[in-house]
Amino acid sequence: MINDLPRGLTSRHPVAEDHARVLAVLDRWWGGLKGEAGAVERALLLPRLYFQHFTSTSLLIERPDGELAAFLVGFLSQTEPDVAYVHFVGVDPALHGQGVGRALYRAFFGLVRTQGRRYVHCITSPENTASQAFHTRLGFTATPVQPDYDGPGLDRVAFTVDLAPRPDGPSTPDRTDTGP
């Protein structure tokens, strides 16, 4: 499914039974960002419904022993026919800098292009500076911090990337050569 992964890693679409596996790695992979409140927030952002109803547009990467290495939960916008949305992405910190995050996004970009989508949107918290830097390297454009975006005290930075081919070559997301 994803051809440009580091040796030994494989990809597939997630299934409902993967929900608990993903929740189990969140705190470790995020390094306790924002403490207990951050842990609760992350868990609430990934209810089982994403692993039941958005599997065809989501991806999971595993090591040879079946251990979770990375995931991307994304979907096609129901209200904006040219938009897809990356809801949540995680890469094992031991794999940062090896192109795994970039490979996930490239696969998602390819998948949503086949569905006629031109733009991909996503958000992150202002505290997650690594995520902000990664998305910028992929060619996303960031907004300033959006206060109370997801409710009182839940500020976010919103990102958009245009997947349309550029006249001078491939679209921006395919030209990147850096990873998280």
**Message:** Can you go through Ala158, Ala164 and tell me which one is within 14 Å of the chain's Cα centre (by Cα) and either assigned to a strand (DSSP E or B) or not basic (Lys, Arg) (or both)?
**Reply:** Ala158
**Within the range 1-17, tally of residues that are within 21 Å of Gln98 (Cβ to Cβ), open to solvent by 60 Å² or more (accessible area, probe 1.4 Å) and aliphatic (A, V, I, L, M)** = 1
**Asked** Pairs, please: C-beta under 9 Å, at least 6 apart or cross-chain, first residue in contact (Cβ under 8 Å) with a residue 12 or more places away in the chain and in the range 15-37, second part of a helix (DSSP H, G or I) and of a type in the set (A, V, I, L, M)?
**Response** Leu23/Ala43; Leu26/Ala39; Leu26/Ala43; Asp27/Ala39; Asp27/Ala43; Trp30/Ala39; Leu33/Ala39
**Item:** The lone exception for Glu127 - which of (1) of a type outside the set (Phe, Trp, Tyr); (2) closer than 30 Å to Asn3 by Cβ; (3) at pLDDT below 95; (4) in a loop (DSSP other than H, G, I, E, B) it fails
**Value:** (2)
**Asked** Can you tell me which of Val91, Val22 is farther than 26 Å from Asp162 by Cα, of a type in the set (Val, Ile, Thr) and under 15 Å from the mean Cα position of the chain (by Cα)?
**Response** Val22
**Item:** Residue under evaluation Leu45, criteria (1) open to solvent by 10 Å² or more (accessible area, probe 1.4 Å); (2) touching a strand residue (DSSP E or B) at 6+ places or on another chain (Cβ under 7 Å); (3) at pLDDT 95 or above, criterion not met
**Value:** (3)
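Taking the stated definitions as given, is Ala39 open to solvent by less than 50 Å² (accessible area, probe 1.4 Å), small (Gly, Ala, Ser), in a helix (DSSP H, G or I) and on the phi < 0 side of the Ramachandran plot? Give the derivation first.
On the way: open to solvent by less than 50 Å² (accessible area, probe 1.4 Å): yes; small (Gly, Ala, Ser): yes; in a helix (DSSP H, G or I): yes; on the phi < 0 side of the Ramachandran plot: yes.
So Ala39 fits the description; yes.
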**Item:** Test for Arg106: is it buried (at least 18 other Cβ atoms within 10 Å of the Cβ) and assigned to a loop (DSSP other than H, G, I, E, B)
**Value:** no
**Message:** Looking at the range 50-63 only, could you name the residues that are in contact (Cβ under 8 Å) with a residue 40 or more places away in the chain and touching a strand residue (DSSP E or B) at 6+ places or on another chain (Cβ under 8 Å)?
**Reply:** Thr57, Ser58, Leu59, Leu60, Ile61, Glu62, Arg63
**Fill in**
Those residues of the range 51-96 which are assigned to a loop (DSSP other than H, G, I, E, B) and either open to solvent by less than 10 Å² (accessible area, probe 1.4 Å) or within 14 Å of Leu9 (Cβ to Cβ) (or both) amount to Ser58, Arg63, Pro64, Asp65, Gly66, Glu67, Asp92, His96
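The values are calculated or read from the model by the stated rules, or taken from the named source; none is laboratory data. On a predicted model such as this, the values are computed, not experimentally measured, just so you know. Cβ: placed from backbone, ideal geometry, glycine included. Neighbour counts: every protein chain shown. We work out accessible area using only protein heavy atoms, side chains counted, and drop any ligands, DNA or RNA first. Shrake-Rupley method; radii C 1.70, N 1.55, O 1.52, S 1.80 Å.
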